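Beneath this line is the structure, given in C-alpha cells, with notes to follow.
The values are calculated or read from the model by the stated rules, or taken from the named source; none is laboratory data. These numbers were taken from a predicted model, which means no experiment stands behind them. Here the Cβ positions follow ideal geometry from the backbone for every residue, glycine too, while neighbour counts run over all protein chains shown. Please note that ligands, DNA and RNA were not included when accessible areas were found on the heavy atoms of the full protein model with its side chains. Shrake-Rupley method; radii C 1.70, N 1.55, O 1.52, S 1.80 Å.
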Amino acid sequence: MDNFMAARSQMALSLGFHIIFSCIGMVMPFFMAVSHFLYLRSNNNIYQNITKAWSKGVAIFFATGAVSGTVLSFELGLLWPTFMKHAGPIFGMPFSLEGTAFFIEAIALGFFLYGWGKFNKWFHWFTGVIVGVSGLTSGILVVAANAWMNTPTGFDLVNGKYLNIDPIKAMFNPAWFSQALHMSIAAFAATGFAVAGVHALMIYRKKNIEFHLRSFRIAAIFGVLAAILQPLSGDISAKMVAKRQPAKLAAMEAHFNTEPYSPLILGGIPDEKNKTVNYAIELPGMLSFMIYEDFKKPVKGLDQIPKADQPPVAVTHYAFQLMVSLGMLMMALGVIYLIALAKKKSWFSKNWFLKLFILATPLGFIAVEAGWTVTEVGRQPWIVQGVMRTADAVTPMPGIAYSFYLFTAVYLSLSCVVVFLLYRQIKMVPVLYDVAGKPHLKAH
Amino acid sequence: MIYVVIVFLWLALLLYLVMGGADYGAGIIELFTSDANKSRTRRIMYNAIGPIWEANHMWLIIAIVILFVGFPVIYTTMSTYLHIPLVVMLMGIIARGTALTFRSYDAVRDDMQKVYNKVFVYSSFVTPLFLGIIAGSAVSGRIDPGANDFLHAYVLSWLNWFSVAIGFFTVALCGFLAAIYLIGEATDHPSRKSFIRKARIMNLAAFVAGAMVFIAAIIEKIPLVQWVFGNIIGIAAVSAASISLVVLWYLISRGKRYIIRVLAGFQVTMILLTTTYKHYPNIVILKGGGYLSLLENRGAEKAIESLAIALLIGGLFILPALGYLIYSFQKKGQDIEGH
C-alpha cells in the first residue's frame with residue numbers, strides 16, 4: 001500500500017468510525033429527553049428506567065465519539081499537513097465554534113449523568129436537552145466545515161496564495177445548509193431505526209415487553225419521521241451537487257454522456273472504459289427533470305470533465321445507489337408504522353412486523369457510510385474542490401501504512417468492545433432497569 | 001486580537017495541564033497503589049473526577065483548534081515532524097478515554113473490569129509521558145525541516161534525553177496534582193494519609209525528574225539554565241513556586257484541603273510560565289536556531305479576528321457552566337450515583 005492510499009484509508013476509517021458514534025451520541029440524548037419528560041409528567045417509573053438505560057448508552061457513545069473526534073482533529077494535520085496549512089485559517093471558524101458546543105455538551109453530560117436527585121428535576125431534564133442540542137450543533141458545524149471542501153468560498157486564490165480570507169463566508173459556504181440538513185436527518189433516521197430495531201428484537205423475544213414497547217415507540221417515531229423527510233433534503237443536496245460539483249453528480253449517476261433528456265440510471269454496473277452502464281434501468285429525461293425541472297435540458301456528463309478531474313465512477317455510483325435504496329426501504333417501513341399508528345393497530349404481536357424492524361437495525365448506518373463515501377470519493381481527486389488536489393496535501397512522512405494498520409486494529413477492537421458492552425446493557429435490562437415500583441434505582 | 005488568541009491558547013494549555021493533568025494523575029496514582037488499596041482509591045478517585053472528567057479533556061481540543069486555525073504553520077510543522085509521538089499520545093487518549101467509560105458503564109461487573117483497569121492505568125502513564133515529550137521536543141531544537149532521512153526527520157526530532165526527561169517530569173507533575181486533589185476527597189483518615197504519602201512520593205519524583213531535565217539539557221547542549229534563570233520573570237516564578245511548595249507542605253498536615261489545591265495549581269502555573277516566558281512568542285525551536293513564532297506565523301488577520309471572537313463568546317458560555325459544574329459536585333456529602 002503506498003503512502004497516499006494509506007493516508008486516505010486511515011482518514012476514511014477514522015471518519016467512518018467517528019460518524020457512527022457521533023450520530024448516536026448526538027441523537028440519543030433527544031430520545032432520552034423525551035422519555036425523561038414523559039417520566040416527569042406521568043411519574044411512571046418505566047420512563048425513568050428507560051431514560052437511565054439510554055443514558056448509559058449515551059455515555060458510552062459520547063466517550064467513544066469524543067476520543068475519535070480528538071483523534072480526527074490531530075489526524076487532519078498528521079495526514080494532510082499541506083491542506084491544513086492553507087485551509088486551517090479559512091475553514092477553521094466552524095471548528096472553533098464546534099469546540100465550544102462540544103465543551104458545553106461535555107459539561108451538560110456531567111450534570112445529567114450524575115445529577116439524578118441532586119438538582120431541581122426540570123433543571124436536570126434541561127441539562128439532558130442541552131446535551132442533545134449542543135451535540136446537534138457541533139455536528140452541524142463539523143459538516144459545514146466539510147461542505148467548505150466541496151464548495152470552497154471565503155478566499156481568493158492568487159498565484160498559489162490564499163488571500164482575502166473571510167472565515168464567516170467560508171463557514172456559510174453554498175453547500176453548508178444542504179449538507180448539514182441531510183446529515184442531521186440521516187443521523188436521526190439511522191439512530192432511530194437502530195435503537196428501535198434493538199428494542200423490536202427484545203419484544204420479539206418476549207423480554208420485558210412493557211419496557212421495550214415504550215422505548216421502541218419513542219425511537220421509532222423519531223426514525224420514521226426522519227426517514228420520510230429525508231428524500232426532500234436529498235433532493236436539495238442533489239441540486240446543490242449538480243450546480244457546484246457536476247463531476248460528483250455525474251459519477252453518482254454514472255452519467256457518461258451529456259445529452260438532452262438525460263436519463264436517471266438505476267442500478268447497473270458502470271463500465272468506465274466503454275462509458276456505458278450495463279444491466280441498468282434507465283428512465284429517460286428523469287435526471288434532467290430532477291435537476292432542472294425540465295425533461296429536455298442536458299445534465300453535464302463525464303465526457304465534459306477532463307479525465308484528470310474525474311472521480312472514481314464505480315465506487316461513487318454503487319455507494320449512491322446503496323444509500324438511496326436503503327433510504328427508500330426505511331421510508332417504506334416508516335409508512336407501514338404510520339399506517340399502524342393511524343389505524344390504531346398494534347402489530348407488535350405480529351412476527352412479520354417485528355422482523356422488518358429487526359432487519360432494519362443497521363440499514364440507516366450503512367446508508368450513512370454510503371452517503372459519506374459519495375461525498376468524499378465523489379470529490380476526488382480534489383481535497384478542496386477545484387483548488388487543491390488530495391495527492392498534493394498528503395504528509396511527507398513515509399510508512400503511513402503501519403499507522404493505518406495500527407488504527408484499523410484499534411478501531412476494530414473498540415467497535416467489538418462497544419458492541420459487547422451494549423449487549424451486556426441489554427441483557428441486564430431485567431435486573432437493572434425493569435424493576436417496577438423501585439423509585440430510586442441504583443445502576444449496580 | 002492576536003493577544004486574545006494567545007492568552008486563550010496559554011490558558012487552554014494551563015487548564016489542560018492542571019485539570020487534565022490531575023485526571024491523568026489519578027490513573028498514575030492508581031498504577032502505583034498496592035492491590036489491597038486499589039478499589040478504595042479507585043472509588044474516591046472516581047467520585048472526584050467522574051462528573052467533570054469529560055470536560056477536563058476539552059482543553060486539549062480547544063488548544064489544537066486554536067493552533068490549526070490561528071497558527072497553521074506551527075500546527076502542521078509539529079504534526080509532520082512529531083508524527084510518531086503524537087500517534088502514541090492519541091493511542092493513549094483513545095485507550096484511556098474509552099477504558100474509564102467502559103469500566104464505569106459496563107452493566108456486568110466481572111473480570112472485564114481488570115482489563116479496563118489495566119488499560120486505564122497504563123494509558124494514564126503513557127499519555128502524559130508523550131505529551132511531555134512533544135512539549136519538550138517543540139523547544140529542544142531538534143525538529144529539522146531540512147532533514148531528508150527518516151531517522152533525522154521523524155525520530156531524532158523527539159527521541160532525545162531532554163524530551164524524554166520532560167516526559168517523565170510531566171508524569172510526576174500529574175501524579176502530584178492528583179494526589180493533592182484527592183487528599184481533599186478522602187473521607188477517612190487512612191485514605192487521607194495514604195494520599196499525603198503519595199503526594200510526597202510524587203513531589204520527590206518531580207524533583208528527581210526535574211533534575212534529570214537539567215542534566216539532559218546539559219548533555220544535549222540546550223541552554224535551559226539560561227532560559228529559566230536568565231530573566232527576572234523566570235527567577236521570580238521559580239522563587240514563588242518554591243515558597244508556595246513550602247507553604248503547601250506546611251498546610252497539608254493542618255488539613256487545609258482547598259488551599260493546597262490552589263497552591264498545587266499555582267506551582268504548575270509558575271512552571272508553565274517559566275518555561276514559556278523566555279520563548280514567547282516563539283513556541284517551536286527548529287534545528288539550527290530557527291524559530292516558529294506565534295506573532296510571525298499567525299494565520300490571516302480575518303481568521304485571527306473571528307477566532308478571537310469565537311473564543312470570547314465560547315468562554316462566556318463555558319467558564320460559568322464549568323464553574324457551576326465543579327461547584328455543584330464539590331458540595332460535601334454527595335454520594336455519586338450514575339456510574
**Request:** Among residues belonging to region B:82-95 that are more than 7 Å from every other protein chain (Cβ to nearest Cβ) and in a helix (DSSP H, G or I), point out the one that is farthest from the chain's Cα centre (by Cα).
**Result:** B:I84
**Prompt:** Is there a residue being in a helix (DSSP H, G or I), open to solvent by 10 Å² or more (accessible area, probe 1.4 Å) and of a type in the set (V, I, T) anywhere in region B:19-39?
**Reply:** no
**Considering residues of region B:74-93 that are open to solvent by less than 10 Å² (accessible area, probe 1.4 Å) and touching a residue at least 24 places away in the same chain (Cβ under 8 Å) only, the residue nearest to A:T82 (Cα to Cα)** = B:I74
**Breaking point among (1) open to solvent by 10 Å² or more (accessible area, probe 1.4 Å); (2) touching a Gly at 6+ places or on another chain (Cβ under 8 Å), for A:M1** = (2)
**Request:** Could you list, in sequence order, all residues of region A:118-153 that are open to solvent by less than 50 Å² (accessible area, probe 1.4 Å), polar (S, T, N, Q) and over 18 Å from A:A59 (Cβ atoms)?
**Result:** A:N146, A:N150, A:T151, A:T153
**Request:** Can you work out which of the residues in region A:396-412 that are open to solvent by 50 Å² or more (accessible area, probe 1.4 Å) and facing chain B (nearest Cβ under 10 Å) is nearest to B:S104 (Cα to Cα)?
**Result:** A:L406
**Item:** Top-ranked residue of region B:96-112 - restricted to ones that are open to solvent by 30 Å² or more (accessible area, probe 1.4 Å) and more than 7 Å from chain A (Cβ to nearest Cβ), ranked as nearest to the chain's Cα centre (by Cα)
**Value:** B:M112
**Asked** Do we have any residue at all in region B:61-74 that's over 18 Å from B:S293 (Cα atoms) and in a helix (DSSP H, G or I)?
**Response** yes
**Asked** Is it true that some residue in region A:100-113 is among the hydroxyl-bearing types (S, T, Y) and either surrounded by fewer than 21 Cβ atoms within 10 Å (Cβ to Cβ) or farther than 30 Å from A:D235 by Cβ (or both)?
**Response** yes
**Message:** Being open to solvent by 40 Å² or more (accessible area, probe 1.4 Å) and at pLDDT 90 or above is true for just one of B:L312, B:L273. Which residue is that?
**Reply:** B:L312
**Fill in**
When region A:349-365 is checked residue by residue, the ones that are polar (S, T, N, Q) and more than 25 Å from the chain's Cα centre (by Cα) are A:S349, A:N351
**Message:** I'd like the full set of residues that are within 14 Å of another protein chain (Cβ to nearest Cβ) and among the β-branched types (V, I, T), limited to region B:37-71.
**Reply:** B:I49, B:I52, B:I61, B:I62, B:I64, B:V65, B:I66, B:V69
**Prompt:** Among the candidates A:V158, A:V142, which residue alone is of a type in the set (V, I, T) and in contact (Cβ under 8 Å) with a residue 24 or more places away in the chain?
**Reply:** A:V142
**Message:** Within region B:276-292, take every residue that is out of contact with any Leu (no Cβ under 9 Å at 6 or more places or on another chain) and buried (at least 17 other Cβ atoms within 10 Å of the Cβ) and give me the one that is nearest to the other protein chains (Cβ to nearest Cβ).
**Reply:** B:K287
**Request:** For region B:132-153, enumerate the residues that are open to solvent by 20 Å² or more (accessible area, probe 1.4 Å) and within 12 Å of another protein chain (Cβ to nearest Cβ).
**Result:** B:P145, B:A147, B:N148, B:D149, B:F150, B:L151
**Item:** Selection status of B:Y46, of a type in the set (S, T, Y) and at pLDDT below 80
**Value:** yes
**Asked** Of all residues in region A:39-64, which are surrounded by fewer than 24 Cβ atoms within 10 Å (Cβ to Cβ) and either without any contact (Cβ under 8 Å) to a residue 60 or more places away in the chain or in contact with a strand residue (DSSP E or B) (Cβ under 9 Å, 6 or more places away or on another chain) (or both)?
**Response** A:Y39, A:R41, A:S42, A:N43, A:N44, A:A59
**Prompt:** Can you tell me how many residues in region A:86-116 are more than 27 Å from the chain's Cα centre (by Cα) and facing another protein chain (nearest Cβ under 7 Å)?
**Reply:** 2
**Matching option when the condition is part of a helix (DSSP H, G or I), over 29 Å from A:A190 (Cα atoms) and not hydrophobic (A, V, I, L, M, F, W, C), among A:S262, A:S237, A:S233, A:S288** = A:S288
**Listing of helices (runs of 4 or more DSSP H) fully contained in region A:332-405 that carry 1 or more residues being over 26 Å from A:V315 (Cβ atoms)** = A:351-359
**Of residues in region A:265-285 being part of a loop (DSSP other than H, G, I, E, B) and open to solvent by less than 40 Å² (accessible area, probe 1.4 Å), the one nearest to A:V241 (Cα to Cα)** = A:G285
**Request:** Answer yes if at least one residue in region B:198-218 is open to solvent by less than 10 Å² (accessible area, probe 1.4 Å), touching a helix residue (DSSP H, G or I) at 6+ places or on another chain (Cβ under 6 Å), part of a helix (DSSP H, G or I) and not aliphatic (A, V, I, L, M), and no otherwise.
**Result:** no
**Message:** Please count how many residues of region B:31-68 are touching a helix residue (DSSP H, G or I) at 6+ places or on another chain (Cβ under 9 Å) and of a type in the set (S, T, Y).
**Reply:** 3
**Request:** Hey, can you tell me all the residues within region B:118-172 that are closer than 30 Å to B:T101 by Cβ and over 20 Å from the mean Cα position of the chain (by Cα)?
**Result:** B:K118
**Message:** Going by what's in this entry, would B:A240 be described as of a type in the set (G, A, S) and crowded, with 19+ Cβ neighbours inside 10 Å?
**Reply:** no
**Message:** Can you pull out every residue in region B:233-268 that is assigned to a helix (DSSP H, G or I) and charged (D, E, K, R)?
**Reply:** B:R257, B:R261
**Prompt:** Here are some residues: B:S79, B:S34. Which one is of a type outside the set (F, W, Y) and facing chain A (nearest Cβ under 7 Å)?
**Reply:** B:S79
